[in-house]
Amino acid sequence: MMDNSLFFSLGAWNWFIIAAVLGVLELLAPGYFMIWHALAALFVGGLALAIDMNWQLQLALYAIIGLGLLFASIRFAGSKSGASDRPMLNKRARTHLGKVYRLVAATDNGRGSVRVGDSIWQVQIENGMEMAEGDGVLITDVSGTRLIGRPAGE
């Protein structure tokens with residue numbers, strides 16, 4: 001059987017030890033998650049030194065305060081995120097909407113390829129239309145990594 005006398009003899013100081021451990025873990029793996037629980041542990045430790053509380057109440061306060069701080073930080077951080085200066089950074093295919101590109105080969109069943117800069121992109125012609133090599137394709141939509149387009153003259 002384990003001896004729990006050290007744990008119980010420290011009393012409220014256990015919360016300060018927990019706060020220190022969580023603070024160090026936050027420094028080693030930053031992510032703004034453990035810091036809120038460290039602050040909750042500090043608060044409960046301070047409260048437990050000032051007021052005589054049983055361990056069940058301390059644990060309940062720690063859970064409520066820790067989760068409350070965590071959710072408040074998520075809400076606060078989410079409301080501060082402004083518009084990006086590069087909104088299409090991870091939506092590269094969408095940057096081609098409305099542009100005209102030339103087919104590198106004739107389409108087969110409405111599918112072909114267009115040259116975009118130094119890359120070749122797959123393109124699906126609306127209505128499965130057949131087009132010849134060199135024809136212009138106006139990009140109208142995107143489906144995954146495939147561009148959707150129609151003849152540029154229409």
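The values are calculated or read from the model by the stated rules, or taken from the named source; none is laboratory data. Owing to the predicted nature of the structure, the values given are computational and were not obtained by experimental measurement. Note: ideal-geometry Cβ built from the backbone for every residue, glycine included; neighbour counts use all protein chains shown.
A search for C-beta distances below 9 Å between a residue of region 125-143 that is under 14 Å from residue 107 (Cα atoms) and any residue that is among the acidic types (Asp, Glu) and in a strand (DSSP E or B), counting only pairs 6+ apart in sequence or on different chains, returns 126/141; 130/108. Here the strands (runs of 3 or more DSSP E) wholly within region 108-154 that include at least 1 residues being basic (Lys, Arg) are 111-116, 146-151.
Against the numbered list (1) more than 29 Å from the chain's Cα centre (by Cα); (2) of a type in the set (A, V, I, L, M); (3) at pLDDT below 90; (4) surrounded by 13 or more Cβ atoms within 10 Å (Cβ to Cβ), residue 93 comes up short only at (1).
Of all residues in region 129-154, how many are more than 13 Å from residue 102 (Cα to Cα), crowded, with 16+ Cβ neighbours inside 10 Å and not aliphatic (A, V, I, L, M)? Count: 0.
Of all residues in region 49-60, those that are under 16 Å from residue 19 (Cβ atoms) have Cβ atoms under 6 Å from Cβ atoms of residues that are of a type in the set (Val, Ile, Thr) and part of a helix (DSSP H, G or I), 6 or more apart or on another chain, in 58/44.
When region 96-128 is filtered for residues that are touching a Ser or Thr at 6+ places or on another chain (Cβ under 9 Å), hydrophobic (A, V, I, L, M, F, W, C) and surrounded by 15 or more Cβ atoms within 10 Å (Cβ to Cβ), the ones remaining, listed by number, are 97, 103, 121, 123, 125.
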